[in-house]
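**Q** Sharing a structure with you now.
The values are calculated or read from the model by the stated rules, or taken from the named source; none is laboratory data. All figures in this text were calculated on a predicted structure; none of them were measured in a lab. In this analysis, Cβ positions are derived from the backbone assuming ideal geometry, glycine residues included, and neighbour counts consider all displayed protein chains. Surface accessibility is based on the protein's heavy atoms, side chains included, excluding ligands, DNA and RNA. Shrake-Rupley method; radii C 1.70, N 1.55, O 1.52, S 1.80 Å.
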Amino acid sequence: GLSGAARGLIFQLREGLGSMPRTAVQPQIAALTAGDRKALRTRGVRIGLAGVFIPTLLKPKAQRMRCLLWATVRQQPPPALPAPGLVTVARDQTLTGEFYEAIGYRVITNWAVRLDILDRAAVRLLKLAKKGPFAMPSDMASLLGVGAEAADAIVLALGYKKSEESATYERRSGRHRSAAKQALRRGSRHSGKPSPDSPFAQLADLRLPS
């Protein structure tokens, strides 16, 4: 009973192994009906600011499977995964943004942040910014799992500027905000046009072990 837009979103979500940048499916998101959104939400699909993802596929066991599939398709040893429980890690410069996307992380400056945490941070910052300049939330560093300096760098990369005089933040405008949106929503090279010949398309019937 899903619309074509919802089915297309699900197909691309499957191609992305459970998560993808929002810009990859923005046309489909815009065309979703209220029934589509309810059905997707009921089935565990989250449409956020940072991307579209399935939270259960961000857990360690699922991440290991995603990493293995990504590496197998490329015929290379699987890279080391972030340790379980780490929601933000220093980016390994030998790994591509595409790899981090494949396991459910987004590269922001020199850090890779798990999508569900990045989305929570982005939503909270946007709500605060709508009311005007705001102080850094006292628990933002804890939410992101980093120190105060790293949290500041991530917030700035998400499209905010800081007043050194008042130590408050507000949203950037114009081209600065566009660059931040690109960092938040696009992440890695992702054409948004998955091919039916893609190796991941052949994994359509694969099911994670329970």
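**Q** With a point put 7 Å past each Cα toward its Cβ, work out how far THR56 is from ALA80 in nm, to one decimal.
**A** 3.1
**Q** Now, a different point. What does the charge count around VAL89 come to, taking other residues whose C-beta lies under 12 Å from its C-beta (Lys +1, Arg +1, Asp -1, Glu -1)?
**A** +2
**Q** Need one number: convex hull volume per residue for segment 42-92, Cα atoms only, in Å³.
**A** For segment 42-92, the hull spanned by Cα atoms encloses 113 Å³ per residue.
**Q** Taking only the alpha carbons of segment 65-105, what extent do you get along each of the three principal axes, in Å, biggest first?
**A** Its Cα atoms span 27, 20, 15 Å along the three principal axes.
**Q** Taking just the alpha-carbon atoms of segment 53-153, what radius of gyration and Dmax come out, in angstrom?
**A** Considering segment 53-153 through its Cα atoms, Rg and Dmax are 14.9, 50 Å.
**Q** Of the listed pairs LYS127/LYS162; LYS131/LYS162; LYS38/LYS131, which have alpha-carbon separations greater than 19 Å here?
**A** LYS38/LYS131
**Q** Quick check: net charge around ALA31, other residues with Cβ under 13 Å of its Cβ, Lys/Arg +1 and Asp/Glu -1?
**A** With Lys, Arg at +1 and Asp, Glu at -1, the net is +1.
**Q** Further, regarding this structure: Please report, in whole Å, how far the alpha carbons of segment 1-55 spread along each principal axis, starting with the longest.
**A** Result for segment 1-55: principal-axis Cα extents of 23, 21, 20 Å.
**Q** Would you mind working out the accessible area per residue for segment 29-130, using a 1.4 Å probe, and quoting it in Å²?
**A** Heavy-atom SASA per residue in segment 29-130 reads 49 Å².
**Q** Debye calculation, C-alpha points only, no solvent: report log10 I(q)/I(0) for segment 110-154 at q = 0.18 Å⁻¹, in the same order as the q values.
**A** -0.51
**Q** I've got another one for you. With every atom except the alpha carbons ignored, what do you get for Rg and Dmax of segment 1-121, in angstroms?
**A** 14.5, 44
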